[in-house]
Structures are given as C-alpha cells and as structure tokens.
Amino acid sequence: MPSLGTRLRELRQQRGLTLEQVAEESGLSVSFLSMVERDKVSISVDNLERLARYYNVHMVHFFNGPDESPVLVTRRAEIFQRVTETSKGPAAVTLLANRPNARLEPLLVHIAPGMEEPHFRKHEADTLVYILEGQAYLISESGEQIELNQGDLAYYVNFPHRRFANASNTQPLILIIITAPPTSTLDELIQARQGAWLMGTQNNPGESL
C-alpha cells in the first residue's frame with residue numbers, strides 16, 4: 001500500500017499542482033509539504049484535515065487501498081447489515097463507499113427512536129437525502145423544521161447548517177445522505193477508516209465500530 005506521503009504527492013500531481021501552489025492556498029510551507037510527500041516528517045491530524053479540505057477529498061482517502069473497480073456497489077443486504085451493526089447507539093453514520101478523488105460522499109445514517117444527531121453538519125455543499133425508513137425532522141440552525149417520511153427525498157444547499165432528528169419515539173430512522181466530502185467532524189473522519197462511527201453527545205463525542 002502506498003505511504004501517506006506518496007498518496008499526497010500523487011494527488012497533487014493528478015491535479016496538476018505545484019508544491020508552491022498547494023503551500024500558498026493551504027497555508028503550509030513548501031519545505032514542510034515536500035518533506036511530508038517524501039515521508040521525512042510526520043503530519044498532524046489538523047494539517048492532514050487541512051489538506052483534505054484543500055483537495056476536497058475525505059480523509060479516509062489517504063489510508064485506503066487502491067480501487068479494484070471503477071464501479072463501487074453497496075448491496076441492499078450490506079446496507080441493512082450496517083444498520084444492525086450500528087443500532088446500539090443513539091445515532092450512527094456509515095460511509096457506504098469511498099474512493100480517491102471522490103466528489104460525492106454516500107452516508108448511511110441511523111438514529112434511534114426519540115434521538116437526534118448531536119451537532120449540525122457544517123459544510124457548504126449541495127445535499128441529497130432519501131428516507132429509507134421512519135419519520136424525520138430536518139432542523140436548521142435558523143430554526144426551520146421540515147418533516148420527512150419514508151420514501152421522501154430532500155435536496156438543499158447546506159447553509160444554514162442542518163441536522164436530523166427522529167420524529168418517532170418507537171421506530172428507528174434510517175436515511176442516506178449524498179453530498180460532497182468531507183462532511184464530518186475531525187474525530188469522525190479518523191474513525192471512518194474503520195467503516196462506521198457512533199455519534200454521541202457533547203460530552204461523549206462518539207466511538208468507531
């Protein structure tokens with residue numbers, strides 16, 4: 001598997017960028033970026049997240065193996081197996097497919113009865129949502145609240161930022177969110193390397209599965 005430095009160098013070269021261009025726009029020095037690409041120094045998670053946002057890729061891109069097929073398929077059985085695996089927490093997210101230079105990020109979100117996401121999704125991107133099961137409230141920072149039911153589809157630009165709440169106290173809520181990466185908090189981006197992460201409260205930010 002290519003090293004982190006090799007992945008960063010290949011990504012920069014695929015975009016036709018020089019070290020000077022990346023340094024100027026990311027705020028990191030040319031010398032530091034050069035040493036990182038040659039695996040001469042380590043890079044902090046904060047700086048790696050900065051580069052992920054600059055290149056507009058999910059952080060897990062830097063750790064995944066090479067793609068074997070240009071088409072990534074997640075079967076229905078696998079989707080609901082993920083739901084079963086993540087059902088023990090109040091809310092959980094699974095990254096359904098990830099590939100280098102991805103422009104879309106498909107997320108499977110499971111929210112237990114009577115629960116909600118602990119934070120607003122803070123990114124500026126077009127977002128498509130499909131409700132697989134249950135009843136949802138789509139809540140914005142400005143106080144807007146929209147009810148969505150099973151089979152409903154919603155499309156919006158994610159500003160003001162939004163989060164989901166389960167409108168039912170007895171049934172789980174399962175939805176798919178498709179948007180541009182990265183959409184998750186720093187801790188979740190790291191945990192996503194293991195396939196899924198549980199969302200907790202402000203005092204208990206979550207754990208990976």
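The numbers here are math on the coordinates, done by the rules we state, and not lab data. All values reported here derive from a predicted model rather than from experimental measurement. Quick reminder, even Gly has a Cβ in these numbers, built from the backbone with ideal geometry, and neighbours come from all protein chains shown.
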Legend entry - Projected area, mean over directions - the stretch 4-55, Cα convex hull, nm²: 3.0 nm²
Legend entry - Burial ordering of L95, L107, fewest other beta-carbon atoms within 10 Å first: L107, L95
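Give me the tail of P(r) for the stretch 86-149 as a percent: Cα-Cα pairs with distance above 12 Å.
Working: 1543 of 2016 pairs.
Of all Cα-Cα pairs in the stretch 86-149, 77 percent lie more than 12 Å apart.
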